[in-house]
Amino acid sequence: MRAVEISHYGGPEVLKAVVRPDLVLPLPGSGEVLIRVRAAGVNRPDVLQRQGFYPVPPGGTDLPGLELAGEIIGGDIAHPDNFFSFEVGSRVCALVVGGAYAEYCIAPLAQCLPVPMGLSDVEAASIPETFFTVWSNVFDRGRLGLDGRGKETLLVHGGSSGIGVAAIQLVTALGHDVLVTVGSDEKAAACKELGAVLAVNYRTQDFVEEVKSFTKGKGANVVLDMVAGPYVGREINCLADDGRIVIIANQGGKISEVDVGQVLRRRLTITGSTLRSRSVDFKGAIARSLRAYVWPLLESKKIRPVIHEVFELEAAAKAHQLMESSQHIGKIVLTVN
């Protein structure tokens with residue numbers, strides 16, 4: 001089996017293309033299927049795993065890669081988790097705990113979704129990690145527009161990232177406003193083209209002042225935060241009363257200083273989550289929500305995958321170099337030919 005493995009922790013050069021003859025094919029267990037991988041998405045957690053900062057959950061494969069697209073070639077098709085009536089040969093995209101940087105990968109049936117009509121394998125492989133993350137954190141945790149709140153405003157840091165472009169399109173399509181921060185004017189223009197109503201270049205503008213000005217002093221209702229560190233205190237200053245900050249990464253540091261007085265007086269919520277370690281049942285519930293609410297938007301072309309660049313599997317190190325440069329807009333994908 002061809003795969004890319006992490007030879008040791010370090011820079012992109014530690015990613016090595018290998019053949020694993022001792023693992024001709026991974027063996028799926030109960031509720032799992034074996035997928036012939038055609039494409040795999042590259043995500044920031046892959047970089048963190050390569051650096052030694054994002055450990056594999058117990059029982060998981062050591063191979064990187066959290067999302068893929070391909071065909072089911074075997075496994076426990078009769079399991080009750082086969083919610084979408086998959087068969088051997090069905091084209092699927094899937095969220096996995098690891099192992100997508102390979103010719104074959106095991107996936108829980110509950111975390112598999114049919115490839116949306118009209119999408120290529122490359123496009124489909126770019127969907128699971130970002131849309132699972134956005135749905136779980138913006139709607140399930142951040143409760144954007146739910147509980148009788150009506151139309152609300154979301155602030156997303158890293159608006160041109162894979163998660164950012166997914167959030168812009170999905171949240172806009174569902175009737176809410178999206179504000180983003182980005183690192184260049186080019187990225188700001190790309191985000192506005194996708195539907196963001198405000199794009200702040202954090203290198204030249206203060207996002208706190210820009211958000212407050214744009215919302216006429218009200219602030220954003222929900223913040224999707226991949227930065228943390230010093231950003232959390234600043235976010236509180238441009239958060240609406242009863243606002244929610246949802247932290248999904250800590251690229252800016254894991255320690256934040258917070259004005260607790262504001263949290264109390266203005267009934268603010270600071271929460272967060274990671275997805276990889278959650279249960280199959282939890283992620284399966286997200287998959288069913290995506291199929292019901294997001295797949296129709298993809299199939300009607302109201303939202304679309306944004307692919308920045310595609311690499312062959314064996315060029316995974318170059319894909320990671322691009323990811324770490326932060327020069328991309330949208331997703332980076334590996335193909336497995």
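Each value in this text was obtained by applying a stated rule to the coordinates, not by laboratory testing. Keep in mind that this is a model prediction, so the values were computed, not measured. As a convention, Cβ positions derive from the backbone with ideal geometry for all residues, glycine included, and neighbour counts pool all protein chains shown.
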**Calculated on alpha-carbon atoms, Rg and Dmax of region 112-166 in Å** = 13.3, 38
**Complete:** Nearest 10, in degrees from 0 to 90: the angle of helix 185-194 to the longest Cα principal axis of the chain is 80
**Prompt:** Over the Cα atoms of region 209-335, how large are the radius of gyration and the largest Cα-Cα distance (Dmax), in Å?
**Reply:** 18.4, 54
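Of all DSSP beta bridges in the chain, what percent run antiparallel (nearest 5)?
Of all bridge pairs located within the chain, approximately 55 percent are antiparallel.
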**Prompt:** Using every alpha carbon pair in region 44-201, what percent of pairs falls into each 10 Å bin from 0 up to the bin containing the largest distance?
**Reply:** 10, 31, 33, 21, 4, 0
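Using the beta-carbon distance between GLU309 and SER184 and R0 = 22 Å, what value does 1/(1 + (r/R0)^6) give for FRET efficiency, to the nearest 0.05? Working shown, then result.
Numbers: r = 17 Å, r/R0 = 0.77.
FRET efficiency, GLU309 to SER184: 0.85.
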**Prompt:** Helix 316-325 versus the longest principal axis of the chain: what angle, 0 to 90°, nearest 10, using Cα atoms?
**Reply:** 0
**Message:** Can you match log10 I(q)/I(0) by the Debye sum over Cα atoms at q = 0.07, 0.09, 0.10 Å⁻¹ to one of these, [x] -0.40, -0.64, -0.77; [y] -0.34, -0.56, -0.68; [z] -0.28, -0.46, -0.57, based on a calculation from the structure here?
**Reply:** [z]
**Message:** With only alpha-carbon atoms in the gyration tensor, what are the semi-axes of the equivalent ellipsoid for region 35-109, in Å, largest first?
**Reply:** 24, 13, 9
**Message:** Restricting to Cα pairs below 8 Å that are 6+ residues apart, what does the relative contact order work out to for region 266-337? Please round to a whole percent.
**Reply:** 28
**Expected-Rg normalisation [2.2 N^0.38 Å, Cα atoms] applied to region 142-272** = 0.96
**Fill in**
Over 28 Å (Cα to Cα) among LYS218/LYS331; LYS16/LYS254; LYS192/LYS212; LYS187/LYS283 -> LYS218/LYS331; LYS16/LYS254; LYS187/LYS283
**Asked** Angle between the Cα long axis of helix 280-293 and the longest principal axis of the chain, 0 to 90 degrees, nearest 10?
**Response** 70
**Request:** Taking every pair of alpha-carbon atoms in region 139-206, give the share separated by more than 18 Å as a whole percent.
**Result:** 31
**Prompt:** Between Rg and the Kirkwood Rh of region 1-41, both from Cα atoms, what is the Rg to Rh ratio?
**Reply:** 1.04
**Request:** Can you tell me the equivalent ellipsoid semi-axes for region 288-337? Use √(5λ) from the Cα gyration tensor, largest first, whole Å.
**Result:** 27, 13, 9
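For region 223-296, would you read off the P(r) tail past 17 Å as a percentage of all alpha carbon pairs?
On the way: 1454 of 2701 pairs.
When all Cα pairs of region 223-296 are counted, 54 percent exceed 17 Å.
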**Item:** GNM top mover of GLY233, GLY150, GLY98 - the chain, alpha-carbon springs below 10 Å
**Value:** GLY150
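Please compute, over every Cα-Cα pair in region 73-146, the percentage with a separation greater than 15 angstrom. List each step's numbers first, then the result.
Details: 1636 of 2701 pairs.
Above the 15 Å cut-off, region 73-146 has 61 percent of its Cα pairs.
By how many nm would the segment from ASP241 to GLU13 grow when fully extended, if each residue of separation counts as 0.36 nm and the alpha-carbon distance is taken off? Don't jump to the answer; show the numbers that get you there.
Values: separation 228, 0.36 × 228 = 82.08 nm, distance 4.68 nm.
Here the segment from ASP241 to GLU13 would lengthen by 77.4 nm.
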